[in-house]
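Derivation of every value follows stated rules applied to the coordinates shown; laboratory data play no part. Being a predicted model, the structure only gives us computed values, none of them experimental. With ideal geometry, Cβ positions are generated from the backbone for all residues, glycine too; neighbour counts draw on all protein chains shown.
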Amino acid sequence: MTLDEHLACGITTVCRCWAVTRRDGTVLGFTDHDRDLTFEGVVFRAGTGLSAKALSQTTGLSVDNVEAAGALTGAAVTEADLAAGRYDGAMVRAWLVNWADPGMRALEFCGTIGEVVAGGWAFRAELRGPAEALGQTGGRVFQRSCSAILGDAACGVDLSAPGYRAERPVAAVEDGRVFRWPDFTGFDDRWFERGRFTVLDGAAAGLVGVVKGDRLSGPVRTVELWEALRAPVRPGDTVRIEAGCDRRAETCRLKFLNFLNFRGFPHIPGEDWLSAWPAAGGLNDGGSLQR
């Protein structure tokens with residue numbers, strides 16, 4: 001018997017199951033049934049208090065959205081994990097399942113978690129359908145600065161090479177975004193500006209920030225992030241800081257020796273060139289402006 005045939009019987013034994021796959025690889029299963037279910041290698045826990053509104057799906061390219069709500073519990077979704085952003089962009093799959101025979105199931109929704117709101121002992125999460133990705137800008141952009149991300153396949157820089165990153169325990173931290181080390185030399189002043197700041201252990205393990213400022217005063221180094229990490233970082237926690245790139249051609253050529261992989265167009269004329277006119281005393285032979 002198929003699930004469609006089971007639903008046509010009139011008396012059904014169906015429930016809903018959700019699998020949430022976070023970007024760190026953690027997979028959590030939830031069900032509104034009163035007992036745990038297992039399929040596709042995932043245990044769907046009962047009693048988590050998770051529920052979802054009716055799915056809104058279309059046949060066109062409009063975005064299909066649904067909202068899920070649940071309770072904050074230590075065994076399932078915690079307020080600390082939500083605040084730390086560990087569920088941001090997580091993949092969600094939802095099935096209609098015959099709990100008497102989990103082999104009878106139908107995948108009803110596949111998307112990602114959008115905005116999450118937590119308050120009291122509950123949370124509410126927006127689930128975004130796959131058409132959401134169609135609204136994002138794709139392809140190359142014609143601009144002066146480089147369009148690659150430092151260290152990705154288009155850039156080609158190996159950030160694990162000596163001189164491009166450092167790992168060390170935090171010495172002092174202020175407001176969750178200003179970090180100081182009494183003896184952190186070996187890198188030039190402002191070397192890490194615009195670089196990635198990754199926490200490797202502690203309560204904020206796995207969280208990533210972007211370096212706003214990197215100042216070296218004698219042996220003392222102060223690193224400031226653009227915004228505080230959404231989980232506490234304490235002295236003794238190990239962090240990794242990677243060299244930063246401002247996406248300029250000069251930086252690519254001199255700091256990373258990588259100009260052959262530069263993904264920008266540094267010779268595009270600026271807006272002032274659009275309003276320029278020939279000058280009587282200038283060279284107006286139609287040649288290159290860069291000579």
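Between T78 and A154, the FRET efficiency estimated from the beta carbon spacing at R0 = 30 angstrom works out to 0.20.
Value of Rg to Rh for region 165-242, rounded to two decimals, is 0.91; Kirkwood radius and Rg both from alpha-carbon coordinates. Scalar couplings 3J(HN,Hα) for region 89-97, obtained by applying the Karplus form with A = 6.51, B = -1.76, C = 1.60 to θ = phi - 60°, are x, 5, 7, 10, 10, 10, 10, 9, 10 Hz; x denotes Gly and Pro. Counting only DSSP beta bridges with both residues in the chain, the antiparallel share comes to about 95 percent. Among R248, R140, R16, which one shows the highest mean-square fluctuation when the chain is modelled as a Gaussian network with alpha-carbon springs under 10 Å? Per the Cα network of the chain with a 10 Å cutoff, R140 tops the list.
Charge dipole (Cα centre; +1 on Lys/Arg Cβ, -1 on Asp/Glu Cβ; no other charges) of the chain amounts to roughly 700 debye. Taking the Kirkwood radius as Rh and the Cα radius of gyration as Rg, the chain has a ratio of Rg/Rh equal to 1.11. Note on the chain: with a GNM built from Cα contacts shorter than 10 Å, the maximum mean-square fluctuation among P182, P169, P232 falls on P182.
Set Lys and Arg Cβ to +1 and Asp and Glu Cβ to -1, take the dipole of the chain about its Cα centre, and tell me which of G103, F30, P266 lies farthest positive. Of G103, F30, P266, it is P266.
With the helix formula -39500 (n - 2.57) applied to DSSP H stretches of n ≥ 4, the chain reaches a computed 222 nm mean residue ellipticity of -1500 deg cm²/dmol. Computed over the chain with a Gaussian network model linking Cα atoms closer than 10 Å, the most mobile of G103, G186, G270 is G270. Shown is the FRET efficiency for E227 and L107, computed with R0 = 30 Å from the Cβ-Cβ distance and rounded to the nearest 0.05: 0.25.
Packing around the peptides 154-163, 202-211, taken as the average count of other Cβ atoms within 10 Å per residue, puts them in this order, highest first: 202-211, 154-163.
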